[in-house]
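Participant: Have a look at the structure that comes next, please.
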Amino acid sequence: MNKGVMTEWSSAEDLVGKLEVGDLLEFKSDSLIGDLSPKHWAVYMGIHKGEHTVGHLVTKDDLFSTMFFSGSIEGCTGIRIHCLFKYSKKFKCRINNSSDHKLVPRPVNDIVSFIFKNEGDSLYNLLFYNCESFAKLARYDFPVSEQSFQLSSVIGGASLFFLTKIPLLTGILFTYGYYKMTEFIRNFLWSI
């Protein structure tokens, strides 16, 4: 297992030589919103039935492109095991085990058996239990999602904007809220 590794963004084909079972994979699209675009998370499970596989939390119509870009999370199907290359065709990916410096990864066999045991479960909540939460729960036995905290800040800022119609104040409060939430996450992880 690659401890503490975070690679550059690349294709899955370029990354596969570096992958070890239990690694967290982060996927992104080449969208117009750059680093703010939603990311999808999965756990590399090694080769099963002749294919490089990942375990992840997906939606009915398959994968995060539907979940984030259609605006619908209706019909979620939950934890699935898919071929890495079939999934990653449209997306860049990287190994992101950056939480290893604060959280202790489970043994590889425990990670893989956790995913197989929970395959088919359909828990999903964009704010509280998403693909990042699942991937980190599988690796660390601790469900944490920075995306959830970021999304909460965005929702809070948008709500304030529509309620108050004061864009400057909204921008200031959104920025402050995002900063404080990020600071909270980092402090929380450092305290573990």
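The values are calculated or read from the model by the stated rules, or taken from the named source; none is laboratory data. Note that the structure is predicted; figures quoted are calculated from it, not measured. Here Cβ is always computed from backbone atoms with ideal geometry, including for glycine, and neighbour counts include all displayed protein chains.
Participant: Using the structure shown, decide if residue 124 is modelled with pLDDT under 60, of a type in the set (Phe, Trp, Tyr) and surrounded by 19 or more Cβ atoms within 10 Å (Cβ to Cβ). Break it down stepwise before answering.
Facilitator: Details: modelled with pLDDT under 60: yes; of a type in the set (Phe, Trp, Tyr): yes; surrounded by 19 or more Cβ atoms within 10 Å (Cβ to Cβ): yes.
For residue 124, the condition - modelled with pLDDT under 60, of a type in the set (Phe, Trp, Tyr) and surrounded by 19 or more Cβ atoms within 10 Å (Cβ to Cβ) - is met.
Participant: Here's another thing I want to ask about it. Does the stretch 72-82 include one or more residues that are assigned to a helix (DSSP H, G or I), at pLDDT 75 or above and within 16 Å of residue 24 (Cα to Cα)?
Facilitator: Checking the stretch 72-82: not a single residue is assigned to a helix (DSSP H, G or I), at pLDDT 75 or above and within 16 Å of residue 24 (Cα to Cα).
Participant: Sticking with this one: Which members of the stretch 3-24 meet the condition of being in contact with a Ser or Thr (Cβ under 6 Å, 6 or more places away or on another chain) and crowded, with 16+ Cβ neighbours inside 10 Å?
Facilitator: 12
Participant: For a quick check of your reading of the model, give me the residue pairs whose first member lies in the stretch 41-55 and is closer than 11 Å to residue 139 by Cβ and aromatic (Phe, Trp, Tyr), whose second is assigned to a strand (DSSP E or B) and at pLDDT below 95, with beta-carbon atoms closer than 7 Å and at least 6 apart or on different chains.
Facilitator: What qualifies is 41/26; 41/56.
Participant: Give the stretch 16-31 a look and list any residue that's in contact with a Cys (Cβ under 7 Å, 6 or more places away or on another chain) and at pLDDT 95 or above, or say none.
Facilitator: 25
Participant: While we're looking at this one, here's another question. Among (1) at pLDDT 85 or above; (2) assigned by TED's automatic domain parsing to the domain that holds residue 102, there is one condition residue 6 misses while meeting the rest; what is its number?
Facilitator: (2)
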